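Since the structure comes first, as structure tokens, the remarks are kept for the end.
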Amino acid sequence: MDADVLVVGGGLAGLVACAELTAAGRRVLLVEQEGAANLGGQAFWSFGGLFLVDTPEQRRWGIRDSRELAWQDWRGSAQWDRLDGEDRWAARWGEAFVDFAAGEERAWLLEQGVRLTPLVGWAERGDGRAGGHGNSVPRFHLPWGTGTGVSGPFAAKATAAAAAGRLGFRFRHRVDGLVVEGGRVVGVRGAVLAADDAPRGVATNRREVGEFALTAQAVVIASGGIGADHDLVRAMWPERLGTPPATMLTGVPAHVDGRMLAIAEASGAAVVNKDRMWHYTEGVANWDPIWAGHGIRILPGPSSMWFDALGRRLPAPGLPGHDTLGTLRLLRTDPALQPYDHSWFVASQRIVEKEFALSGSEQNPDLTDHDWPLLIRTRLGKGPTPPVAAFEQHGADWVVADDLAALVAGMNGIAPDAPLDGALIERQIRERDAELTNPYSKDAQVQAIHNGRRARSDRFTRVATPHRILDPANGPLVAVKLHVLTRKTLGGIQTDLDGRALGADGAPLPGLWAAGEAAGFGGGGAHGYNALEGTFLGGCLFTGRTVGRSLAAAL
Ligand SMILES: Cc1cc2nc3c(=O)[nH]c(=O)nc-3n(C[C@H](O)[C@H](O)[C@H](O)COP(=O)(O)OP(=O)(O)OC[C@H]3O[C@@H](n4cnc5c(N)ncnc54)[C@H](O)[C@@H]3O)c2cc1C
């Protein structure tokens with residue numbers, strides 16, 4: 001035996017499992033197709049947002065949250081409807097995760113070395129139904145370091161365990177198959193890939209320079225999702241979301257290739273809820289890309305107007321920051337929109353300055369580098385944050401103009417296949433602007449803006465004072481051409497509450513365990529159909545910890 005446990009994947013889920021196993025004295029080999037530079041996987045690049053419930057950070061802003069409210073929100077979002085089969089373990093994992101997020105997660109994270117900022121955002125504000133999708137309150141907690149602040153402490157633990165001889169790294173080892181003997185998974189086999197000194201996030205070569213086989217008492221699959229393989233995303237695209245776009249941006253590095261899911265399935269593991277995924281509608285091409293087709297998600301406040309490719313304002317729930325998949329459905333199921341892959345934000349510069357944030361650790365240097373003065377200067381001072389300003393200046397999807405005619409001309413310049421009618425756009429903006437004369441309104445988006453400003457955290461950091469978009473006093477007009485951006489995989493390897501992978505017959509497949517995105521963040525689909533955000537990193541922490549602890553106890 002080469003080790004007690006083989007962990008496939010050095011992303012957050014794999015690292016957390018390694019930390020638990022090595023702390024319990026188990027010998028671990030971490031098998032990773034990328035080089036040492038990529039330790040931490042997607043989590044390193046992430047915004048770092050964490051779904052936590054009823055915390056001191058929330059209470060400081062006057063936000064009252066509870067486990068019961070969070071569970072109502074989670075259930076309303078998940079909408080599990082396969083409870084006799086694919087959702088059997090998913091729903092139990094969902095509830096266990098809410099308990100974790102409302103219970104020991106925060107204290108445990110602090111113990112591990114994660115530090116929280118005072119900021120609490122309001123992601124996925126919902127579809128307008130009390131029992132439907134969405135967060136009833138702000139819960140998206142931001143750590144110092146963004147994603148690096150979450151993955152960093154666990155990467156450091158792995159490095160320390162390696163130095164102490166409890167963990168071995170097998171970088172550039174790509175697993176191509178599980179070794180199964182007598183119905184039990186006893187190891188992995190695959191190709192050794194040529195060394196590659198590409199910087200973190202940049203796709204590496206796939207040149208094979210050797211073969212390997214490793215054996216252990218147990219194998220943990222923590223290999224992430226499918227987001228970088230657009231063919232796979234299209235193949236899994238569910239009918240309820242209409243047709244997949246012909247072109248999409250890629251929100252994850254190339255290593256998120258989904259290969260391990262098919263490999264696990266070929267060895268008998270049940271891979272369930274393949275049709276559930278989480279892709280964003282507010283993607284913009286990165287003007288300074290790290291990986292091929294690199295897109296960045298705009299994390300919008302509620303005030304930008306959202307138009308489809310034909311220039312028609314989206315109805316609720318197609319409001320910025322409210323209902324990711326509800327909006328995707330609106331855009332992909334309308335036959336009139338079939339030829340087009342884009343939609344538009346139209347905003348004032350004042351909205352951009354207050355409300356636009358960009359997802360990704362590299363897009364938030366103030367938080368990532370723990371730079372308080374930069375944070376105060378750029379988030380609370382005048383002007384957009386420097387990364388947003390750079391996109392306005394260099395981004396291919398951005399149009400800035402002093403008047404509406406010039407703005408529409410610029411929009412038509414970058415989307416000539418779908419020329420917009422300036423009069424139609426103007427009428428809809430004027431109708432919306434007219435709704436701002438009252439402290440109340442019949443316009444669902446204006447109501448959402450007023451509601452957002454009732455949350456102190458939002459009023460302070462995220463929601464612009466309501467104003468007329470067409471009033472030149474609010475700065476130039478800004479339009480952003482938005483694309484679908486692939487990101488997360490909500491289904492995956494079905495696991496029981498210990499993290500043991502299950503076979504097609506529902507019984508544990510001896511020797512195989514799974515964690516993180518590869519396990520659908522627990523049970524093969526703990527999110528159900530929708531996510532509340534901040535639940536992916538949390539899901540990796542929770543499943544990685546669970547697998548590490550139960551395996552350590554089982555061996
Ligand atoms: C830009 C961005 C922003 C995000 N923001 C947030 C956020 O704010 N909040 C949140 O909760 N989530 C966020 N996420 C999502 C979250 O980061 C991911 O879902 C999570 O990190 C996935 O971790 P993982 O360990 O399951 O998989 P990964 O990080 O994908 O790691 C899997 C590892 O397995 C390796 N691997 C795969 N196949 C093989 C193989 N065959 N052989 C050997 N190795 C293999 C890969 O190379 C990789 O290193 C964001 C993601 C991105 C990209």
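The values are calculated or read from the model by the stated rules, or taken from the named source; none is laboratory data. Note that the coordinates shown come from a computational prediction; the quantities given were computed from them, not determined experimentally. Neighbour counts are summed over all protein chains in view; Cβ atoms, including those assigned to glycine, are modelled from backbone coordinates with ideal geometry.
Looking across region 488-499, the residues that are farther than 21 Å from Leu325 by Cα and either within 16 Å of the ligand (Cβ to nearest atom) or buried (at least 24 other Cβ atoms within 10 Å of the Cβ) (or both) come down to Ile493, Gln494, Thr495, Gly499.
Counting only residues that are within 6 Å of the ligand (Cβ to nearest atom) and within 18 Å of Thr535 (Cβ to Cβ), region 1-60 holds 11 of them. Restricted to region 346-377, and to residues there that are under 24 Å from the mean Cα position of the chain (by Cα) and of a type in the set (S, T, N, Q), the residue that is farthest from the ligand (Cβ to nearest atom) is Thr368.
The listed residues are Asp87, Asp73, Asp99, Asp81, and the only one of them that is among the charged types (D, E, K, R), in contact with a Lys or Arg (Cβ under 8 Å, 6 or more places away or on another chain) and in the same structural domain as Leu142 (by TED's automatic domain parsing) turns out to be Asp99. Close Cβ contacts (under 8 Å, 6 or more residues apart or on different chains) running from residues in region 521-544 that are in contact (Cβ under 8 Å) with a residue 40 or more places away in the chain to residues that are among the basic types (Lys, Arg) and more than 8 Å from the ligand (Cβ to nearest atom) comprise Gly523/Arg88; Gly523/Arg92; Gly525/Arg276; His527/Arg276; Gly528/Arg276; Tyr529/Arg276; Leu532/Arg139; Gly534/Arg139. Scanning region 378-396 for residues that are closer than 19 Å to Lys481 by Cα and either surrounded by fewer than 17 Cβ atoms within 10 Å (Cβ to Cβ) or away from the ligand (no atom under 16 Å from the Cβ) (or both) yields Pro384, Ala389, Ala390, Glu392, Gln393, His394, Gly395, Ala396. A count restricted to region 407-423 and to residues that are surrounded by 15 or more Cβ atoms within 10 Å (Cβ to Cβ) and either polar (S, T, N, Q) or closer than 18 Å to Arg468 by Cα (or both) stands at 4.
When Gly132, Gly168, Gly147 are checked against the criterion of being at pLDDT 95 or above, over 22 Å from Val463 (Cα atoms) and part of a strand (DSSP E or B), Gly168 stands alone in meeting it.
If I filter region 501-508 for residues that are in contact (Cβ under 8 Å) with a residue 12 or more places away in the chain, surrounded by 24 or more Cβ atoms within 10 Å (Cβ to Cβ) and over 15 Å from Ser223 (Cα atoms), do I get at least one hit? Among the residues of region 501-508, not one is in contact (Cβ under 8 Å) with a residue 12 or more places away in the chain, surrounded by 24 or more Cβ atoms within 10 Å (Cβ to Cβ) and over 15 Å from Ser223 (Cα atoms), which makes the answer no. With a requirement of 2 or more residues that are in contact (Cβ under 8 Å) with a residue 12 or more places away in the chain and crowded, with 23+ Cβ neighbours inside 10 Å, the helices (runs of 4 or more DSSP H) lying completely within region 270-372 that satisfy it span 324-333, 349-355. When region 107-166 is limited to residues that are of a type outside the set (Asp, Glu) and on the phi > 0 side of the Ramachandran plot, the one that is surrounded by the most Cβ atoms within 10 Å (Cβ to Cβ) turns out to be Thr146.
Candidates are the residues of region 247-260 that are more than 11 Å from the ligand (Cβ to nearest atom) and touching a helix residue (DSSP H, G or I) at 6+ places or on another chain (Cβ under 9 Å); the one that is farthest from Ala13 (Cα to Cα) is Thr247. Does Gly76 qualify as being crowded, with 19+ Cβ neighbours inside 10 Å and either acidic (Asp, Glu) or within 16 Å of the ligand (Cβ to nearest atom) (or both)? Answer is no for this residue. Val399 meets each of the listed conditions (1) part of a helix (DSSP H, G or I); (2) buried (at least 19 other Cβ atoms within 10 Å of the Cβ) apart from (1). For region 155-205, the tally of residues that are touching a residue at least 40 places away in the same chain (Cβ under 8 Å), acidic (Asp, Glu) and more than 9 Å from the ligand (Cβ to nearest atom) stands at 2. Restricting Ala235, Ala216 to those that are free of Cβ contacts under 8 Å to residues at least 12 places away in the same chain and not charged (D, E, K, R) reduces the list to Ala235.
In region 218-226 there is at least one residue that is in the same structural domain as Val7 (by TED's automatic domain parsing), buried (at least 19 other Cβ atoms within 10 Å of the Cβ), away from the ligand (no atom under 15 Å from the Cβ) and not charged (D, E, K, R). The residues on offer are Arg82, Arg92, and the sole one that is surrounded by fewer than 19 Cβ atoms within 10 Å (Cβ to Cβ), in contact (Cβ under 8 Å) with a residue 40 or more places away in the chain, outside any loop (DSSP other than H, G, I, E, B) and out of contact with any Pro (no Cβ under 9 Å at 6 or more places or on another chain) is Arg92. Just one of the listed residues (Ala514, Ala507, Ala519, Ala553) is aliphatic (A, V, I, L, M) and within 9 Å of the ligand (Cβ to nearest atom), and it is Ala519. Residues in region 221-236 that are under 13 Å from Ala264 (Cα atoms), hydrophobic (A, V, I, L, M, F, W, C) and out of contact with any Phe, Trp or Tyr (no Cβ under 8 Å at 6 or more places or on another chain): Ala222 only.
Determine, yes or no, whether Ala191 is assigned to a helix (DSSP H, G or I) and closer than 21 Å to Val7 by Cα. Considered against the rule, which asks whether it is assigned to a helix (DSSP H, G or I) and closer than 21 Å to Val7 by Cα, Ala191 comes out as no.
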